[in-house]
Structures are given as C-alpha cells and as structure tokens.
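Contents: one structure, followed by commentary.
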Amino acid sequence: MDQPAGWHVAATGLDFPTSLALDGDGVLFVAESGLPFGGAAPGGRIRRIGPGGDHPVVLEGLRQPVNGLTWHHGGFLIAEGGYPGRISRWVPGRTPETILDGLPARGNYHTNMVAVGPDGWLYFSQGAMTNMGVVGLDAYEMAWLKQLPHPCDVPGYNIVLSGQVFQTPDPLSAAPNARALTWPFAPFGDTTPREALIAGKVPCTAAVMRCRPDGTGLELVAWGLRNAYGLGFLPDGRLLATDQGPDDRGSRPIGNAPDLLFEVKRGAWYGWPDFVGGRRVDDPAFRPTRGPQPVPILTNHDRLPPPELPLLRFEVNAAATKFAVLPQAAPLWPGQLLVAMFGDEKPMTAPPGPKVGRSLLRVDPDGWSAHPIAVPNAARPIDVRASPDGRQIWVLDFGHFEMLGEGRVDARPGSGAIHTATLA
C-alpha cells in the first residue's frame, strides 16, 4: 500500500500544541494550548514556523486551552477554550478582535475549532462539561481541570429527565463519610426539586453551533455531539465531525464506546447523553468496569430527532481529533481524509490495557473505510494539514503526555513537534 515518503521533523520544542494553519502565502502557523503541564508557561500562544524550524511567538496571552486556528480571508480564527470560551479573529500585526465571548467553559471539554462553511458562516463545536451529563468526582482526574465544583451541561434541545440521582462521596463536606447526590444537568451536589423539563438554550454544550463572521446570529446547528473536536467541510458542502466517545469514568461511566465520524446535519440529534453511535447506553456492549450498566437519563427520546448513525466507528479510546481533506489534485489519495488519532488516556478514561491511537488514519469516503498510516516518532498526533496541491502534509504532535492515574500526568514541555512528508 502506498505510504507518504521521506518523513522528517519540520519543527521541535513546542509546548503542547493543538492546531496547524497555513496562511495565504503558505506560511505555517501553530497554536500552543497554553496548558501548564509539567511547568510549561500558561496562556495560549501562536507561533510562526520558519523554513529552518524556528518558531517565534507572534501572539500570546490567549485563554487556555487554545483548541483551534483557522485561516480565512486574510486572518486567523482562534478558538479559545476557557474562562469563558471565546472565538476571535486575528490579522498578524494587529490586535485580535473578539467575535464571540461568554461561551461555556471550565468543564471536561471546551470551545473547539472553527470551520468556515460554503455559506460564509462560522461553524464551531462546543464540548460537553461532563462525561455523560452528570458532574462527578472524575473532574479531579482530568489533568486540565482538577476541580469541583465546575459548570454543568446546558442542553440544546428541550429534554425531560427521568428522575435518576447519582450518589458519590462528597469531597466538599467536612463531615466524615459524607455523601453527595447530584441530578443530571445540575451542579455537583444539587438535588433541588425541579421540573423534569429543561428547556434547550443557545449557547449550549455538546453541540455544533454557527454564527455570521461578525458574531451575530448565533444559532444551534445540531445537538448531542459529546466532543466534536475536529470539524471540516467536504468539497460537496457536507460538514463532518470527529466525535470523541464517552469514557469509563465518573458518576455515569460508559464502557467500550468508540469515537465516531459523523456528517453534521441541521436539526439532528447525535445521541448524547443516552446513545452512542445510534445504540442506547443500556446496550450490554457498553457495560463499564467502574460502575453499573448505565440506563438513559432522558424520557423524551420520542420527541427528539432519531439519533444519527455514524459514517465510521474508530477504535475505542483512540481519540480521533482533527482531520484534513486532501484536494482532488493530490497525487496520492485525492479527496480522502487524513485523521489524527491522539490516542488513549488510560487509566483515566478506561482500565489499563494496550495503547491505541497515536497515529494517522486515511479514510476513504467511498465506503468510509479506514487505513492506518505510521508517523515515525510521533507521540500524540492532534492535527494534520495538507498543502493546496496535496503534495505535502504536516502532522502536529502534541508531545509526550501520559496519564498516570489519580489525576497525575507525565507531560514534557517542549516535546511537541511538526512532522512532514511528501505524497507522491
């Protein structure tokens, strides 16, 4: 099978980068998340990559984590994940301008990348605040969060709760052996009597939304995508998303749930928090090892759109992140997708076991088949970009990052890199 030729490292010494973008002149820029793992400096940054691999900082002080960098009409669209989430536009040499602010933040996941639609609107995803709708003690396990309380999820559609309440130890109480009871879609420890109906709102979590280029007209595109970290349009105008599946952790653990590739359709529901890839969470296939078999927490499935089925199911815990669509002019794999697979975060997300992901996948839209591509010496592929003619690709490596359990992480600042190869 054909493979990229002549892999080499184009830049090293990056601090936990998340995003690659080519400007109008073909110059490569990279966004660093700004997460202070291992003593790295906090605050998101943008670097320009020189031909010799030098990477001066050209913008800093962004809200961490920076999750997206997109070139559009002479400037960059920057997705900043936290406190609160924000989308801004930056023309190099000028001060960034805020497009949207006040987006949900300080939860499990964040405001993710922007993709510009053929209609000129800005499409972006907003990750869930929780694993599966319930704020729990797993917040302490997440190296980028490590805190309670934190915000709860906000539905995009009207939902009706079943009345389930989830019990955990209460670390916020000074009383010995104290227990906390928590409603879904409520703050930790909150069992205040409430109506079962929760009205959908915008902005919301676990969703894809869109706005005009000036930030006006914010509206919901689709709800129920747990963490659609990668977004992109096909040449025919279809919007695709990589959605990271639920984990075996927290108050409502889900076992053996794959990551998914979806076509995002207006007004659709993608199943979160009660379905995974069109299958209910009480399917025995999703039995977790860290809790009982989950059951649905919503009772109005019949009033929601039928949960969408995925185009492709990735390997469980492989953590599909961002992707590139190769141009039709590419000498190898024209029109196909290259998907970065960040890899598992065991033992946080699942019991210890064989490592998965940490590679690149080629996805053929003709049948949606997946084919692995090895990227030599890459630790954590998180983004991939192709040149306009499709003859060169760049793979962004987040760097050395391994979970050790109990919220501990082995992370090495400066271990991020850019790998490049020729398609011929």
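The values are calculated or read from the model by the stated rules, or taken from the named source; none is laboratory data. Treat the numbers as computed from the prediction; the structure is a model and nothing was measured. Every residue, glycine among them, receives a Cβ derived from its backbone with ideal geometry; neighbour counts consider all protein chains shown.
For the criterion of being farther than 21 Å from Asp243 by Cβ, touching a Leu at 6+ places or on another chain (Cβ under 9 Å) and in contact (Cβ under 8 Å) with a residue 24 or more places away in the chain, Ala143 passes. Among the conditions (1) in contact with a Ser or Thr (Cβ under 6 Å, 6 or more places away or on another chain); (2) surrounded by fewer than 23 Cβ atoms within 10 Å (Cβ to Cβ); (3) modelled with pLDDT of 95 or more, Gly335 misses just one, which is (1).
Among the residues of the range 172-191 satisfying the criterion of being exposed (fewer than 12 other Cβ atoms within 10 Å of the Cβ) and touching a residue at least 12 places away in the same chain (Cβ under 8 Å), which is nearest to Pro294 (Cα to Cα)? Lay out the reasoning, then the answer.
As a first pass, look at the range 172-191 and keep what is exposed (fewer than 12 other Cβ atoms within 10 Å of the Cβ): 172, 174-177, 179.
Subset that is touching a residue at least 12 places away in the same chain (Cβ under 8 Å): 172, 179.
On the way: Leu172: 26, Arg179: 20 Å.
Only one residue tops the list, namely Arg179.
Looking at the range 126-160, which of the residues that are outside any loop (DSSP other than H, G, I, E, B), crowded, with 23+ Cβ neighbours inside 10 Å and in contact with a Ser or Thr (Cβ under 8 Å, 6 or more places away or on another chain) is modelled with the lowest pLDDT? Selected residue: Asp138.
Tell me, which strands (runs of 3 or more DSSP E) wholly within the range 1-70 include 2 or more residues that are among the basic types (Lys, Arg) and under 24 Å from the mean Cα position of the chain (by Cα)?
On the way: elements: 5-14, 17-22, 28-32, 44-49, 57-62.
Because the criterion is at least 2 residues that are among the basic types (Lys, Arg) and under 24 Å from the mean Cα position of the chain (by Cα), the strands (runs of 3 or more DSSP E) in the range 1-70 that meet it are 44-49.
Within the range 278-296, residues that are more than 22 Å from Leu261 (Cα to Cα) sit with their Cβ atoms under 7 Å from residues that are modelled with pLDDT of 95 or more and not in a loop (DSSP other than H, G, I, E, B), at 6+ positions apart or across chains, in these pairs: Pro294/Phe286; Pro296/Arg280.
Within the range 234-263, work out how many residues are of a type outside the set (Val, Ile, Thr), in contact (Cβ under 8 Å) with a residue 24 or more places away in the chain and in a loop (DSSP other than H, G, I, E, B). Spell out the reasoning first.
Here is the first cut: in the range 234-263, the ones of a type outside the set (Val, Ile, Thr) are 234-241, 243-253, 255-263.
Going one step further and asking which of them are in contact (Cβ under 8 Å) with a residue 24 or more places away in the chain, we end up with 234-235, 237-241, 243-253, 255-263.
Checking the rest, the ones that are also in a loop (DSSP other than H, G, I, E, B) come to 234-235, 237-238, 244-253, 255-257.
Count: 17.
When the range 273-304 is filtered for residues that are in a loop (DSSP other than H, G, I, E, B) and within 14 Å of Val160 (Cα to Cα), the ones remaining, listed by number, are Pro273, Asp274, Pro296, Ile297, Thr299, Asn300, Leu304. Mind listing just one residue for me: the one in the range 348-401 that is surrounded by fewer than 17 Cβ atoms within 10 Å (Cβ to Cβ) and polar (S, T, N, Q) and, of those, modelled with the lowest pLDDT? Among those that are surrounded by fewer than 17 Cβ atoms within 10 Å (Cβ to Cβ) and polar (S, T, N, Q), it is Asn377. Condition check: outside any strand (DSSP E or B) and either at pLDDT below 95 or out of contact with any His (no Cβ under 7 Å at 6 or more places or on another chain) (or both). Does Asp101 satisfy that? For Asp101, the condition - outside any strand (DSSP E or B) and either at pLDDT below 95 or out of contact with any His (no Cβ under 7 Å at 6 or more places or on another chain) (or both) - is not met. Among the residues of the range 250-286, those that are surrounded by fewer than 18 Cβ atoms within 10 Å (Cβ to Cβ) and of a type in the set (Asp, Glu) comprise Glu263, Asp282, Asp283.
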